[in-house]
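Undergrad: Let me begin by handing over the structure; questions about it come next.
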Amino acid sequence: MFVGTDFRRLKRMLRQSLYVMLLASSGNEEAWKELDIRAEKHSRKQLNVRPELYEIWLHCLITAVSEFDRTFDTSVERVWRTVMRHGIEYMIERY
């Protein structure tokens, strides 16, 4: 899926996506509009990011946070999972 990918650009997009998911989970309407655009891009019609891949992505994200956040504990993990779950479920629904 990542053949020919500009990873510098992908890193920026990932950072923006995390921010969008955070804002969307708090009810920000503009963030939900942005998430809708990303859901369409990742749907079967375009990038075809299959729903089961989001769980792998979340696992990898949590692993990275646990390795780099010195304050990481079960409550930090729970917050990450809760916030990301809103966006992930939205992406999966629009697959």
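The values are calculated or read from the model by the stated rules, or taken from the named source; none is laboratory data. Since this is a predicted model, take the numbers as computed values, not measurements. Every residue, glycine as well, gets a Cβ built from its backbone with ideal geometry; the counts of neighbours run over all protein chains shown. Protein only, heavy atoms only, side chains kept; ligands, DNA and RNA dropped before computing areas. Shrake-Rupley method; radii C 1.70, N 1.55, O 1.52, S 1.80 Å.
Undergrad: Any idea which residue in region 58-84 is nearest to N28 (Cα to Cα), counting only those that are in contact (Cβ under 8 Å) with a residue 12 or more places away in the chain and not aliphatic (A, V, I, L, M)? Reasoning before the result, please.
TA: So the first thing to find is which residues in region 58-84 are in contact (Cβ under 8 Å) with a residue 12 or more places away in the chain, and the list is 58, 61-62, 65, 77, 80-84.
Now restrict to residues that are not aliphatic (A, V, I, L, M): 77, 80-82.
On the way: E77: 22, W80: 17, R81: 18, T82: 16 Å.
Step by step, filter region 58-84, then rank; the result is T82.
Undergrad: Checking the conditions here, which among L23, L10 is at pLDDT below 95 and surrounded by 10 or more Cβ atoms within 10 Å (Cβ to Cβ)? Quick ask: steps written out before the conclusion?
TA: Working: L23 fails: at pLDDT below 95.
The conditions single out L10.
Undergrad: Just for region 46-57: of the residues that are aliphatic (A, V, I, L, M) and exposed (fewer than 13 other Cβ atoms within 10 Å of the Cβ), which one is nearest to M91 (Cα to Cα)? Lay out the reasoning, then the answer.
TA: Taking region 46-57 first, the residues aliphatic (A, V, I, L, M) are 47, 49, 53, 56.
Adding the requirement that they be exposed (fewer than 13 other Cβ atoms within 10 Å of the Cβ) leaves 47, 56.
Working: L47: 12, I56: 14 Å.
Here the answer is L47.
Undergrad: Name every residue in region 26-45 that is open to solvent by 50 Å² or more (accessible area, probe 1.4 Å) and in a helix (DSSP H, G or I), in order of residue number.
TA: E29, E30, W32, K33, E34, D36, I37, E40, K41, H42
Undergrad: Restricting the search to region 34-54, which residues are touching a helix residue (DSSP H, G or I) at 6+ places or on another chain (Cβ under 9 Å) and more than 18 Å from T82 (Cα to Cα)?
TA: E34, D36, R38, A39, H42, S43, Q46, L47, N48, V49, listed by residue number.
Undergrad: Got at least one residue in region 75-85 being at pLDDT 95 or above, assigned to a helix (DSSP H, G or I), surrounded by 11 or more Cβ atoms within 10 Å (Cβ to Cβ) and small (G, A, S)?
TA: The answer is no; no qualifying residue exists.
Undergrad: I'm told Y95 meets every condition in (1) more than 15 Å from V20 (Cβ to Cβ); (2) open to solvent by 50 Å² or more (accessible area, probe 1.4 Å); (3) in contact with a helix residue (DSSP H, G or I) (Cβ under 8 Å, 6 or more places away or on another chain); (4) not hydrophobic (A, V, I, L, M, F, W, C) except one. Can you identify the failing condition by its number?
TA: Among (1) more than 15 Å from V20 (Cβ to Cβ); (2) open to solvent by 50 Å² or more (accessible area, probe 1.4 Å); (3) in contact with a helix residue (DSSP H, G or I) (Cβ under 8 Å, 6 or more places away or on another chain); (4) not hydrophobic (A, V, I, L, M, F, W, C), the lone unmet condition for Y95 is (2).
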